[in-house]
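Undergrad: One structure follows; several queries about it will come next.
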Amino acid sequence: MRILSAVIKAVRQYGLEGVRVQNVSELAGVSPGALYRYFDGKEQLLLECFLYVDRQAAEIFEYLQVDPQTIRADPMGAVKRLWLPYFRFWTSHPDETVFYYRFRDSAFFPKYDKTRDFTYFKTFAGMVQDFKRVFPCLDWMNQDLLRLHVLTSTVMYARYVVEGVLPNSQETEDTIFQLLATGLSGYMRPGQT
């Protein structure tokens, strides 16, 4: 854990491309040789950190519930109750947010994403299915774009908060949610199939 935490901090400090094993070993308080006992090199370190942070983010949904009645009565309210803990996770973990954003935006990610295991996002996927049962027109959307729109855009905006570009305030949360929800609202109108 100390090594993973050091990698995440090093990426925020030096950038993804600028991170060196020496930087990580110094931040972790271990020798480079000790680091190589656990990891093959920089690429494996980055991947393990991404998986660690990605699983933490997915775990948020394990503690949330969505009620089909609420989805019908107040779809945007239901989405916001699920989205807000996710957004707040990112704004309360600045190093992880910057790391995650930079990794997803890197040359490493597309190669990894093709073989990525999404099973730890099964609760989130189940919630999406609940919304689709109530609003079948959500099936009209490209599912990868839906996921990217909500999850990846949330991380991008959270990065702006943790880097001080946007204030960490209720107004910021409300505005970001409105921007994200505007794209969904056309698909989640009562009586639409």
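Undergrad: Translational D (Stokes-Einstein, µm²/s) of the stretch 140-183 at 10 °C and 1.306 mPa s when Rh comes from the Kirkwood sum over C-alpha pairs?
TA: Diffusion coefficient, whole number: 144 µm²/s.
Undergrad: Turning to a different aspect of this structure: As an exercise, use a Förster radius of 45 Å and the Cβ-Cβ distance of residue 56 and residue 22 to find the FRET efficiency, rounded to the nearest 0.05.
TA: Efficiency computed from Cβ-Cβ geometry: 0.95.
Undergrad: Let me ask you something else. How many Å³ per residue does the convex hull of the Cα positions in the chain occupy?
TA: 118 Å³
Undergrad: Under 27 Å between C-alpha atoms is the cut-off here; go through the chain and count lysine pairs that meet it, provided they're at least eight residues apart or on different chains.
TA: 11
Undergrad: Place +1 on the Cβ of every Lys and Arg and -1 on the Cβ of every Asp and Glu in the chain, take the dipole about the Cα centre, and give the residue among 28, 148, 13 whose Cα lies farthest towards its positive end.
TA: Towards the positive end, the residue furthest out is 148.
Undergrad: Once you place label points 7 Å from the Cα toward the Cβ at residue 182 and residue 114, how far apart are they in nm?
TA: Taking the two extended label points, one gets 3.6 nm.
Undergrad: Could you size up the charge dipole of the stretch 82-184 around its Cα centre, putting +1 on the beta carbon of Lys and Arg and -1 on that of Asp and Glu, and report it in debye to the nearest 20?
TA: 380 debye
Undergrad: With a ≥ b ≥ c the root eigenvalues of the C-alpha gyration tensor of the stretch 85-182, is it rounded (a/c under 1.5), prolate (a/b larger than b/c) or oblate?
TA: It is oblate, given that a/c is not under 1.5 and a/b is not larger than b/c.
Undergrad: Please give, to one decimal in nm, the separation of the simple spin-label points placed at residue 143 and residue 48, each 7 Å out from Cα toward the Cβ.
TA: Taking the two extended label points, one gets 3.2 nm.
Undergrad: Find the all-direction average of the projected area of the Cα convex hull for the stretch 51-125, expressing the result in square nanometres with one decimal place.
TA: 5.6 nm²
Undergrad: If you count only protein heavy atoms and use a 1.4 Å probe, how large is the accessible surface of residue 176, to the nearest 10 Å²?
TA: 10 Å²
The values are calculated or read from the model by the stated rules, or taken from the named source; none is laboratory data. Not measured: the values here are computed from a predicted model. Note that each Cβ is placed from the backbone with ideal geometry, even for glycine, and that neighbours are counted across all protein chains shown. For the accessible areas, the whole protein counts, side chains as well, though only heavy atoms, and no ligand, DNA or RNA atoms are used. Shrake-Rupley method; radii C 1.70, N 1.55, O 1.52, S 1.80 Å.
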